[in-house]
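This report refers to the structure that appears directly beneath it.
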């Protein structure tokens, strides 16, 4: 067989391979380049959820005799008010044991009960537990804890599930928000809200100002403008100020 005939015999085989490959490629599922890498809405990527979480206050045993100083007493009183407003369950005090300040810690606990009473929480509502101290040389506080309804994110920020570089064509050409965008702002909003329930539903409307409403209705009936007119007086500047000499 000559070289020309051998080449002619090879061409049909190569053509058949190409046709088979093309048919298999047509059956293979195509990559969905239009699919969203992450939800466009930041509220879907980083939703704010409500859950019961512990809220704590550490009261250090620092004064001689184990009493509370002015700042600690104020902190405990404010903590008691928070417990009355949003506390769920009991109030627990974890007292350190195994240190040379056990007697001072006992006096501090008495001061805590008194500060709680000033904040509206009776001392009998406090449940006392103890915990062992691993390093007696470190400051071991009395930790007050209660559970409260708190707002937060169900995950940590700073995660990068997809590469933002140009190594991935789908990521680079999508022009969509990356996953971590808006996570910190959502976490900050959840931490700053005073009442987490406000994120779920609106509050009831307050009582309307009947006097102002009836005054506006009266003006409308008389054909007058019901809008409020504010007096604006131009401030008088002393001629001696800024004058040329």
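For region 72-106, the residues whose amide N sits under 11 Å from a probe point set 7 Å from the Cα of residue 52 along the beta carbon direction are 88-90. With a Förster radius of 22 Å applied to the C-beta separation of residue 229 and residue 203, the computed FRET efficiency comes to 0.10. Rounded to the nearest 0.05, the FRET efficiency derived from the C-beta distance between residue 85 and residue 60 at R0 = 25 Å is 0.50. Each Cα pair under 8 Å and six or more residues apart adds its separation to the average, and for region 104-222 the resulting relative contact order is 18 percent. With each label modelled as a point 7 angstrom along the Cα→C-beta vector, the residue 44-residue 212 pair spans 4.0 nm.
Between residue 193 and residue 149, the modelled labels are 1.0 nm apart [label points 7 Å from Cα along Cα→Cβ]. Spacing of the modelled spin labels on residue 97 and residue 114, each 7 Å from Cα toward Cβ, amounts to 2.6 nm.
A short reminder: the numbers here are calculations on the coordinates, not readings from a lab. These numbers come from a predicted model, not from an experiment. No Cβ is skipped: glycine too gets one built from the backbone with ideal geometry, and neighbour counts run over all protein chains shown.
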